[in-house]
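Here is the structure we will look at.
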Amino acid sequence: MKLLMWLVLVVLVVFAVRKKGQKISFPTAQGGAEPAPPRPDPVQIEAEAMVCCDICQMYIPSSEAIRKGQKTYCCIAHAEQAVQAD
Ligand SMILES: [Zn+2]
C-alpha cells in the first residue's frame, strides 16, 4: 500500500513537471510569430568595396565615396580641397 502511495506521488510529480514544462515551452513556440529586429547582414557589409579618401586616408564604402577623376574622397569638402590643391 505504501508503494502505491509513492507511485501516485511520482506520477503526480511527473505530471506537474510536464505541465510546468509546457508552460515554459509555449511562449517560445509563439515567439516565432514575433518579428525579429532587422539586423544588417555582416556578409553584405563585407561585400561592399572600401575605398580610401585621397585627403584623409579614411576608408569609406564605395557607394558613399565621391569620385573625381581617378581619385576618391570621403566628402565633398575633401574633393574640393583636392581641386584647390591642383
Ligand atoms: Zn577625407
Tell me, rounded to the nearest percent, the portion of alpha carbon pairs in the stretch 46-85 spaced more than 17 Å apart. 19
Quick calc: nm separation of the 7 Å Cα→Cβ label points for MET5 and LYS68 -> 9.4
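Throughout, read-outs are computed from the coordinates displayed, never taken from laboratory work. The model shown is predicted, which means the values in this text are computed figures rather than measured ones. Note: ideal-geometry Cβ built from the backbone for every residue, glycine included; neighbour counts use all protein chains shown.
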